[in-house]
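> Sharing a structure here in structure tokens format.
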């Protein structure tokens, strides 16, 4: 069986209809015996809007992002079974924030 991940940027406090396809895929693959990882982009959300638009999206605070990530988790738990030997939820802020990588991408990335 496979382990796979799907990433979610937490720029809002609620999942959208656009997330439904990813959640459906995660659920179906989990039902087939595979192990999903929901990768929450708590660190990458701090960088800003990756869409390539010229106008910048408002930077969210760490508290806002943490709140949004927690909301995502509660909503995903309605569809995906998390726990030991089941699905995992990871937040890339857990390793990115300690690298000072966010500051680098905020300063160098927009160039």
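Each reported figure results from applying straightforward, stated rules to the coordinates on display, with no laboratory input. Computed from a predicted model, the values in this text were never measured in an experiment. Don't worry about glycine lacking a Cβ; one is built from the backbone with ideal geometry, like all the others, and counts go over all protein chains shown.
> Which whole number of Å³ per residue matches the convex hull of the alpha-carbon atoms in the chain?
Convex hull volume per residue, Cα atoms: 117 Å³.
> Any chance you could run the full-extension gain for residue 6 through residue 21? It's 0.36 nm times the residue separation minus the Cα-Cα distance, nm to one decimal.
Working it through step by step, the gained length comes to 4.3 nm.
> Want the number for residue 14 to residue 66: 0.36 nm per residue separation, take away the alpha-carbon distance, what's left?
17.5 nm
> If I model a spin label as a point 7 Å beyond the Cα along the Cα-Cβ vector, how far apart are those points for residue 31 and residue 103 in nm?
Reported label-point gap for residue 31 and residue 103 is 4.8 nm.
> Now for a separate question. What is the helix-to-structure angle for 20-31, meaning the angle in degrees between its Cα long axis and the longest Cα principal axis of the chain, kept from 0 to 90 and rounded to the nearest 10?
Tilt relative to the chain: about 40 degrees.
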